[in-house]
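The values are calculated or read from the model by the stated rules, or taken from the named source; none is laboratory data. This is a predicted model, so every value here is computed, not measured. Positions of Cβ are backbone-derived with ideal geometry, glycine not excepted, and every protein chain shown enters the neighbour counts.
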Amino acid sequence: MIDIHCHILPEVDDGPKSWEVAEAMCRRAAADGIEHMVATPHSNDRYFYDREYLSKLLHELQRRIGDKPVLSIGCDFHLSYENMQSALQTPERYRIANSRYLLVEFSNFSIPPQVDEWFTNMNHAGTTPIITHPERNPILQESPQRVLEWIELGCTVQVTASVFTGSWGARARQVAGWLLQKKAVHFLATDAHDTERRPPVLSAARKIVTKQYGEATAHALVEANPRAVMNDQPLA
Ligand SMILES: [Fe+2]
């Protein structure tokens, strides 16, 4: 399995506070069957995103853990006005590794009015946004049909794996189910932050999705689609 969204770099955001915990997270992921992880530090008004510095940390973490899982760099990209302007200028600074894919996260408090235009422009310029965990966003929980409209504009959608094991409450689980039924989910990811409360585990959600939605869907969400991202291919 491939995890395209997790916080495993030490001391850079609200992820692990030490190298020991960062390494333990990687070992936990490998034990869970995750062979490739994309480290996605936040870029928001609390955490500055310095791709060069973060890439150095990533290489050091890879050196410490050996070859499993394979690590790549990405960004948990907050949709602030400043960030949106910056991504129009230099999208490659924030995208997953050398791919066309960019994780984007909405604020819990407002949806930028210009976001439809921004999605369209990004898509035309060759970037495919991946909307992260809309099922956990209080605004989108009330208006999940907006997510379907954004898919029409070229976006893809990532749901949090642990939503299926009950970690985020009934409403988030219900919205994730609604999106799945609409074929509006393309990825499951851990959005892991530590080894305890938010660990890097995909297998539990995979089992549940297999049981409820079938093996083909589960395979697409944790293997085929994330692999297409890493290979910079369009989704099947
Ligand atoms: Fe995240």
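Conditions (1) under 15 Å from the mean Cα position of the chain (by Cα); (2) among the small types (Gly, Ala, Ser), marked per residue:
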| position | (1), (2) |
| --- | --- |
| HIS133 | yes, no |
| GLU142 | no, no |
| GLY154 | no, yes |
| GLN158 | yes, no |
| VAL163 | yes, no |
| GLY169 | no, yes |
| TRP178 | no, no |
| ARG198 | yes, no |
(request) Could you check how many residues of region 66-106 are crowded, with 21+ Cβ neighbours inside 10 Å and in a helix (DSSP H, G or I)? (result) 1
(request) Keeping to region 98-118, report how many residues are away from the ligand (no atom under 15 Å from the Cβ) and free of Cβ contacts under 8 Å to residues at least 40 places away in the same chain. (result) 10
(request) Name every residue in region 119-150 that is within 16 Å of the ligand (Cβ to nearest atom), in contact (Cβ under 8 Å) with a residue 40 or more places away in the chain and of a type in the set (S, T, N, Q), in order of residue number. (result) THR132
(message) Cβ contacts < 6 Å: first residue farther than 23 Å from THR190 by Cα and at pLDDT below 95, restricted to region 76-89; second residue among the acidic types (Asp, Glu) and within 16 Å of the ligand (Cβ to nearest atom), any location; separation 6+ or different chain. Result?
(response) none
(request) For region 21-42, name all the residues that are within 16 Å of the chain's Cα centre (by Cα) and surrounded by 24 or more Cβ atoms within 10 Å (Cβ to Cβ). (result) ALA29, ILE34, MET37, VAL38, ALA39, THR40, PRO41
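Of TYR53, TYR47, which residue is within 18 Å of HIS193 (Cβ to Cβ), out of contact with any Cys (no Cβ under 6 Å at 6 or more places or on another chain) and of a type in the set (Phe, Trp, Tyr)? Lay out the reasoning, then the answer.
Working: TYR53 fails: within 18 Å of HIS193 (Cβ to Cβ).
The unique qualifying residue is TYR47.
Filter region 75-89 down to the residues that are of a type in the set (S, T, N, Q) and over 27 Å from ALA192 (Cβ atoms), then identify the one that is nearest to the ligand (Cβ to nearest atom). Spell out the reasoning first.
Looking only at region 75-89, we keep the residues that are of a type in the set (S, T, N, Q), and these are 80, 83, 85-86, 89.
With over 27 Å from ALA192 (Cβ atoms) added as a condition, the list becomes 85, 89.
Details: GLN85: 21, GLN89: 23 Å.
Of everything passing the filter in region 75-89, GLN85 is nearest to the ligand (Cβ to nearest atom).
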(message) Checking the structure you have, find out if any residue of region 188-200 is under 28 Å from ALA236 (Cβ atoms) and more than 16 Å from the ligand (Cβ to nearest atom).
(response) no
(request) Only residues that are farther than 20 Å from THR90 by Cα, assigned to a strand (DSSP E or B) and within 16 Å of the ligand (Cβ to nearest atom): list them for region 34-53, please. (result) MET37
(message) Tell me yes or no: at least one residue of region 17-28 is in contact (Cβ under 8 Å) with a residue 24 or more places away in the chain, within 16 Å of the ligand (Cβ to nearest atom) and part of a strand (DSSP E or B).
(response) no
(request) Could you tell me which of the residues ALA236, ALA216, ALA228 is over 14 Å from VAL163 (Cβ atoms) and modelled with pLDDT under 95? (result) ALA236
(message) Filter region 136-193 down to the residues that are at pLDDT below 95 and at positive phi and list them by number.
(response) GLY166
